[in-house]
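Have a look at the structure below, then the notes.
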Amino acid sequence: MKIASAQEMREIDRRTIEEYGICSLVLMERAGLNVAEKAREITKPQKTIVLCGAGNNGGDGLVAARLLKNLDWNVKAFFLGSETKASEDCKTQLRLARKFGVPVVSMHPDDKDLHAALVIDAIFGTGLSKPITGRLAETIKLVNASGNTVIAVDISSGISSDTGEVMGAAVEADYTVTFGLPKAGHFLFPGPASAGHTGKLTISDIGFPQELLKQDSLKLELPEREDMAMLVPERPSHSYKNTYGHVLSVCGSTGKTGAAMLCARAVLRTGAGLVTTGMPEELLSVYETLVLDEMTLPLPSKGGGLSAQASGAILDFMHGRGDVLAMGPGIGHTPDTQKIMAELISKCASPMVLDADALNSLKGNYKLLQKAKAPIVLTPHPGEMGRLLDVSAPDVEKDRIGKALFLAKESGACVVLKGVPTVIASPEGNAYLNPTGSPAMAKAGMGDVLTGMIAALMAQGLPPLDAALLGVYAHGLAGELAAAEKGVHSVLASDLHDTIGRAINDLLEVSSQDVHD
């Protein structure tokens, strides 16, 4: 499903009205109807307060107020803008609301007004362009402190539609009814439900033409379960281990041997036929006590980590046996790893997934990736992304989509910016916000598992972007399944090894249902 910016949604609205001839008041009526229906869905008729601004979002709220009043609900509308400066459609809805007997007052509600009431937030929507201050901010804080159920119209007032940031003050909604397409602010923190601002999101059809909602010019998307199910690699009966690829996983150093096993086992659990773990040769005896299904490749080492000579051995393996190289978790950041990464990027003819210290070894030198001979997927967290781009992690968090798209374009690699939500960006300028995952996954080693999953999917023939999308989606789903079993506090990264298969099976069931339907 596409995700629209505020400007893109305004353009869709304009084209619907001007090119398709659908009256703006018709769109407003349908928007308000969907809000009213949501109110009726979640509660019995009760005291309802509708907070309206002077724009079209306020008009949507007035429609909902009128429709509920016509059903004998106890409704009162508080108009928090200037009636003389209201949009023309909003003025029309003001007149209609009053004709239908809705009490509309030009004042702010107090504690008594809000007591035991359903609140419909129709103050700003996606049109907010500056921070909310003064009396409006006080009213929003009063609503949030009331403990009432709140329905937001389009997006919670005070949340930036494009970035999810709080613009001074923001309504904390239990439900949001948005129109046509979701907005980035519904998913980017602190906008999402888990941060208390969006609540349960409903995406309502109010009559926008589907060709406008699916146009290629909309570059941000939300991966959907059915689409991810279609990406799961087939498993034909006439096949053997080499059919599904061989991954070389170069991970680990003294004190970080676990990273190697987390990555390698995730490779196999995600369907690759073979995995070889490349490690510093002086740690071979340690690894030999850990491996079972994995093979090992001792590499030239120094001080418990890789030496610069390891790059030659890695290249030889990839030239003769390997299909995909997964590189980085736990290898350390040293002058030797910097030399290794520079040589691998310029000489390795096999696809690579680069994570953790493989990225740290490229600090400030991401343009080196332009020399790559094969596709690359980068999987940084905000700190690693910041080091790559020479900015701070908070700067990355402020513009997760923009930073991921920038790195993808400048490096030519597919970028997986881990976090909430994880952003997947392609060099062609498309970005995706992953909808799966759990706070249980805020635990060391989760990224190592993800690296192995993406590498395994590439080894089975998926293009880098598809492998990244499915890998991230299934990784989050596996985390959800683990959390349901063990609780959000107790999940370990290694627990995902037991739920990856269940996650993939869940997706295969979705795909099977589609076929039967």
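Being farther than 17 Å from His475 by Cα and in contact with a Leu (Cβ under 7 Å, 6 or more places away or on another chain) is the filter here; which residues of region 221-246 pass it?
As a first pass, look at region 221-246 and keep what is farther than 17 Å from His475 by Cα: 221, 234-246.
If the condition is that a residue be farther than 17 Å from His475 by Cα and in contact with a Leu (Cβ under 7 Å, 6 or more places away or on another chain), then Lys241, His246 are the ones that fit.
If you check Ala459, Ala455, Ala425, Ala482, which single one turns out to be touching an Asp or Glu at 6+ places or on another chain (Cβ under 8 Å), hydrophobic (A, V, I, L, M, F, W, C), closer than 22 Å to Ala358 by Cβ and crowded, with 24+ Cβ neighbours inside 10 Å?
On the way: Ala455 fails: touching an Asp or Glu at 6+ places or on another chain (Cβ under 8 Å); Ala425 fails: touching an Asp or Glu at 6+ places or on another chain (Cβ under 8 Å); Ala482 fails: closer than 22 Å to Ala358 by Cβ.
It is Ala459.
Within region 53-72, the set of residues being assigned to a loop (DSSP other than H, G, I, E, B) and surrounded by fewer than 21 Cβ atoms within 10 Å (Cβ to Cβ) comprises Leu71, Asp72. Mind listing whichever residues of region 385-418 are in a loop (DSSP other than H, G, I, E, B), surrounded by fewer than 23 Cβ atoms within 10 Å (Cβ to Cβ) and of a type in the set (Gly, Ala, Ser)? Within region 385-418, Ser392, Gly412 meet the criteria. The residue of region 162-179 that is nearest to Gly402 (Cα to Cα), among those that are of a type outside the set (A, V, I, L, M) and crowded, with 24+ Cβ neighbours inside 10 Å, is Gly164.
Rundown of residues vs (1) touching a helix residue (DSSP H, G or I) at 6+ places or on another chain (Cβ under 8 Å); (2) not polar (S, T, N, Q), yes/no style:
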residue	(1), (2)
Val119	yes, yes
Glu138	no, yes
Asn144	no, no
Thr149	yes, no
Gly158	yes, yes
Ser161	yes, no
Val166	no, yes
Ala173	no, yes
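Here's the yes/no breakdown for (1) surrounded by fewer than 18 Cβ atoms within 10 Å (Cβ to Cβ); (2) touching a Pro at 6+ places or on another chain (Cβ under 9 Å):
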position	(1), (2)
Ile17	yes, no
Gly21	yes, no
Val26	yes, no
Arg30	no, no
Ala36	no, no
Thr43	yes, no
Leu51	no, yes
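Filtered by the rule that a residue be crowded, with 19+ Cβ neighbours inside 10 Å, in a strand (DSSP E or B) and either touching a Pro at 6+ places or on another chain (Cβ under 8 Å) or at pLDDT below 95 (or both), region 279-305 gives Met279, Pro280, Leu299, Ser301, Gly305. Has region 492-506 got at least one residue that is at pLDDT 95 or above, under 13 Å from Lys443 (Cβ atoms), among the hydrophobic types (A, V, I, L, M, F, W, C) and buried (at least 21 other Cβ atoms within 10 Å of the Cβ)? Within region 492-506 (the criterion being at pLDDT 95 or above, under 13 Å from Lys443 (Cβ atoms), among the hydrophobic types (A, V, I, L, M, F, W, C) and buried (at least 21 other Cβ atoms within 10 Å of the Cβ)), the answer is yes, since at least one residue qualifies. Taken together, the residues in region 73-96 that are over 22 Å from Leu128 (Cα atoms) and either assigned to a helix (DSSP H, G or I) or not assigned by TED's automatic domain parsing to the domain that holds Ala152 (or both) amount to 2.
Kindly evaluate Val416 against the criterion of being over 23 Å from Lys241 (Cα atoms), free of Cβ contacts under 8 Å to residues at least 60 places away in the same chain and of a type in the set (A, V, I, L, M). I'd like the intermediate steps shown before the answer.
On the way: over 23 Å from Lys241 (Cα atoms): yes; free of Cβ contacts under 8 Å to residues at least 60 places away in the same chain: yes; of a type in the set (A, V, I, L, M): yes.
Yes, satisfied.
There is at least one residue in region 97-104 that is touching a helix residue (DSSP H, G or I) at 6+ places or on another chain (Cβ under 7 Å), buried (at least 22 other Cβ atoms within 10 Å of the Cβ) and either of a type in the set (Gly, Ala, Ser) or in a strand (DSSP E or B) (or both).
Can you name every residue in region 214-242 that is over 20 Å from the mean Cα position of the chain (by Cα), surrounded by 13 or more Cβ atoms within 10 Å (Cβ to Cβ) and over 30 Å from Gln7 (Cα atoms)?
Going residue by residue through region 214-242, those that are over 20 Å from the mean Cα position of the chain (by Cα) are 215, 233-242.
Those left that are additionally surrounded by 13 or more Cβ atoms within 10 Å (Cβ to Cβ): 215, 233.
If the condition is that a residue be over 20 Å from the mean Cα position of the chain (by Cα), surrounded by 13 or more Cβ atoms within 10 Å (Cβ to Cβ) and over 30 Å from Gln7 (Cα atoms), then Pro233 is the only one that fits.
Taking the stated definitions as given, is Pro131 surrounded by fewer than 24 Cβ atoms within 10 Å (Cβ to Cβ), in the same structural domain as Ala39 (by TED's automatic domain parsing) and closer than 17 Å to Phe79 by Cα? It is false that Pro131 is surrounded by fewer than 24 Cβ atoms within 10 Å (Cβ to Cβ), in the same structural domain as Ala39 (by TED's automatic domain parsing) and closer than 17 Å to Phe79 by Cα. Reported count of residues in region 109-144, each being within 20 Å of Lys38 (Cβ to Cβ), in contact with a strand residue (DSSP E or B) (Cβ under 8 Å, 6 or more places away or on another chain) and part of a loop (DSSP other than H, G, I, E, B), is 2.
Taking the numbered list (1) more than 21 Å from the chain's Cα centre (by Cα); (2) buried (at least 16 other Cβ atoms within 10 Å of the Cβ) in turn, Pro382 passes all entries but (1). With the condition kept exactly as written, say whether any residue in region 427-448 is assigned to a loop (DSSP other than H, G, I, E, B), within 23 Å of Ala184 (Cβ to Cβ) and hydroxyl-bearing (Ser, Thr, Tyr). Looking for residues that are assigned to a loop (DSSP other than H, G, I, E, B), within 23 Å of Ala184 (Cβ to Cβ) and hydroxyl-bearing (Ser, Thr, Tyr), one finds at least one in region 427-448, hence yes.
Assess whether Arg265 counts as being surrounded by fewer than 24 Cβ atoms within 10 Å (Cβ to Cβ) and within 29 Å of the chain's Cα centre (by Cα). I'd like the intermediate steps shown before the answer.
On the way: surrounded by fewer than 24 Cβ atoms within 10 Å (Cβ to Cβ): no; within 29 Å of the chain's Cα centre (by Cα): yes.
No: the conditions fail for Arg265.
In this structure, is Ser494 under 24 Å from Val324 (Cα atoms), of a type in the set (Ser, Thr, Tyr) and in contact with a strand residue (DSSP E or B) (Cβ under 8 Å, 6 or more places away or on another chain)?
Details: under 24 Å from Val324 (Cα atoms): yes; of a type in the set (Ser, Thr, Tyr): yes; in contact with a strand residue (DSSP E or B) (Cβ under 8 Å, 6 or more places away or on another chain): no.
In short, no.
Kindly indicate the residue of region 434-445 that is crowded, with 23+ Cβ neighbours inside 10 Å and of a type outside the set (Gly, Ala, Ser) and also farthest from Asp498 (Cα to Cα) among those meeting that condition. In this case the residue turns out to be Asn434.
The values are calculated or read from the model by the stated rules, or taken from the named source; none is laboratory data. Predicted, not measured: the structure shown is a model, and the values here were computed from it. Ideal geometry is used to build each Cβ from the backbone, glycine not excepted, and the neighbour counts take in all protein chains shown.
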